[in-house]
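S.K.: Input: one structure, supplied below.
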Amino acid sequence: MKIALVGIGKIAVDQHVPAIAASPDWELAATVSRKGSVEGVEAFTDFAAFLTARPDVPVVSLCMPPVPRYAYAEAALKAGRHVMLEKPPGATLAEVHALTALAAAKGLTLYATWHSRMAYAVAPAKAWLKGKRIVKAHITWREDVRRWHPGQDWVFEPGGMGVFDPGINALSILTEILPAAVHLTGAELTYPENCQTPIAADLTFSGNVTADFDWRQTGPQTWDIDVATDKGTLALRMGGNRLEIDGALMAGENSIMGEYPALYAAMAKLVAAGRSDVDLAPAVHVADAYALGRRVIVEAFHL
């Protein structure tokens, strides 16, 4: 099936393009970007022009930042195209609800992707936790924004998510593996004095669940989720790609390259079945953090 990739930035080049190229389900038929392109693929700089010129492309995958994404998704759905959304699915919950309703009215597929849920050890972790009582859980998600978003100032502008851009990946795993839902009860959000979004966050949830997000860590990156249960302890490392039970390695994979191929395989199945998949649970936690969060202002930060 032909697919168009919209927004040819770092994540598209590093993950989406290789995943599509390796997929037996998809052919990258077009790209839309103000600057980026993929060799050998027809490139557009205007989305409306693409929709007019390529009615033969039934699916679009949107990889641009969340703030402008709604307009593109709405236009694609109105033009009869199935839509795949990079995480987070939108800048606000309301706009994703609107897209969900539009997709349903048009009989089209809308897929809000959470790539970290496709990490190697997430499904085994979910299976192990089933039926167990959670005693406590803690997320440690610390990385270097300069490494992953070089020069991308939009991450610190309104709608750019700040540290929740990576942190929502952890929340997508948490909401997938826990046997019972939790809700946010408190948050402390750390803002550099020159930024509109936080660079760090400490979160407290019901059920004795906590989280520590920080975008200032240099050197080795930390993407860990530790869960103590009434029947042992579980640890997810490497962003959900390594599983330890009571300290013993049970499943391990050092690469995250399998996550995006799994997303595109899922999208193919959704389109074939005429279904949508829009789970907003991770985004709800982020919205709640902004609603309940106490602001702490620190020194300026520059990419």
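S.K.: In which sequence would Cys63, Cys195 go, from the one with the fewest C-beta neighbours within 10 Å to the one with the most? Kindly include the intermediate steps, with their values, before the conclusion.
M.R.: Values: Cys63 25, Cys195 20.
In order of increasing Cβ crowding within 10 Å: Cys195, Cys63.
S.K.: Applying 1/(1 + (r/R0)^6) with R0 = 51 Å to the Cβ-Cβ distance of Asp277 and Thr218, what FRET efficiency is obtained, to the nearest 0.05? Numbers along the way, then the final one.
M.R.: On the way: r = 36 Å, r/R0 = 0.70.
Efficiency for this residue pair is about 0.90.
S.K.: A follow-up question, please. Farthest toward the dipole's positive end in the chain, which of Pro89, Gly9, Gly107, given Cβ charges of +1 (Lys, Arg) and -1 (Asp, Glu) about the Cα centre?
M.R.: Farthest towards the positive pole: Gly107.
S.K.: In which sequence would Asp230, Asp279 go, from the one with the fewest C-beta neighbours within 10 Å to the one with the most? Show your work: numbers first, answer last.
M.R.: Working: Asp230 8, Asp279 15.
The most exposed by this proxy come first: Asp230, Asp279.
S.K.: I need Tyr72, Tyr290 ordered by Cβ neighbour count within 10 Å, fewest first. Could the numbers behind the result be given before it?
M.R.: Values: Tyr72 20, Tyr290 14.
Going from sparsest to densest Cβ surroundings: Tyr290, Tyr72.
S.K.: I've got another one for you. For region 204-211, what does the Karplus curve 6.51 cos²θ - 1.76 cosθ + 1.60, with θ = phi - 60°, yield as ³J(HN,Hα) per residue in whole Hz, taken in order and with x for Gly and Pro?
M.R.: Using θ = phi - 60°, the values come out as 10, 10, 5, x, 6, 10, 9, 8 Hz.
S.K.: Rounded to the nearest angstrom and ordered from largest down, what semi-axes does the equivalent ellipsoid of region 2-112 get from its C-alpha gyration tensor (root of 5λ)? Write down the numbers at each step before the final one.
M.R.: Details: eigenvalues 86, 46, 35 Å².
They are 21, 15, 13 Å, listed largest first.
S.K.: I've got another one for you. Need the C-alpha centroid separation for region 54-132 versus region 178-197, integer Å.
M.R.: 23
S.K.: Sticking with this structure for a sec: For a Förster distance of 22 Å, can you work out the FRET efficiency between the beta-carbons of Ala101 and Asp56, rounded to the nearest 0.05? Mind dumping the intermediate values first?
M.R.: Working: r = 27 Å, r/R0 = 1.22.
According to the calculation, E is roughly 0.25.
S.K.: Return the tail of the calculated pair distribution for region 226-296, meaning the percent of Cα-Cα pairs more than 20 Å apart.
M.R.: Details: 1514 of 2485 pairs.
The proportion of pairs with Cα distances above 20 Å equals 61 percent.
S.K.: While we're looking at this one, here's another question. Rounded to the nearest 20 Debye, what is the dipole magnitude of the chain about its Cα centre when Lys and Arg each give +1 and Asp and Glu each give -1 at the C-beta? List each step's numbers first, then the result.
M.R.: Numbers: 27 positive and 32 negative charges, 122 e Å.
Charge dipole, the chain, about its Cα centre: 580 debye, nearest 20.
S.K.: Short version: ³J(HN,Hα) in whole Hz for each residue of region 80-88, in order, from phi by Karplus 6.51 cos²θ - 1.76 cosθ + 1.60 (θ = phi - 60°), x for Gly and Pro, what are they?
M.R.: After applying 6.51 cos²θ - 1.76 cosθ + 1.60, I find x, 9, 6, 10, 10, 10, 5, 6, x Hz.
S.K.: Right, next: So which of Lys2/Lys106; Lys126/Lys231; Lys10/Lys35; Lys10/Lys269; Lys10/Lys87; Lys10/Lys78 end up more than 23 Å apart by C-alpha?
M.R.: Working: Lys2/Lys106 20 Å; Lys126/Lys231 14 Å; Lys10/Lys35 12 Å; Lys10/Lys269 26 Å; Lys10/Lys87 14 Å; Lys10/Lys78 28 Å.
In this structure, Lys10/Lys269; Lys10/Lys78 lie more than 23 Å apart at Cα.
S.K.: Could you tell me the relative contact order of region 2-112? Use alpha-carbon pairs under 8 Å, at least six residues apart, and round to a whole percent.
M.R.: Working: 183 pairs, mean separation 26.2, N = 111.
Once normalised by length, the contact order is 24 percent.
Every number in this text was worked out from the coordinates using simple rules, so none of it is lab data. Quantities reported herein were computed from a predicted structural model and do not represent experimental measurements. Note: ideal-geometry Cβ built from the backbone for every residue, glycine included; neighbour counts use all protein chains shown.
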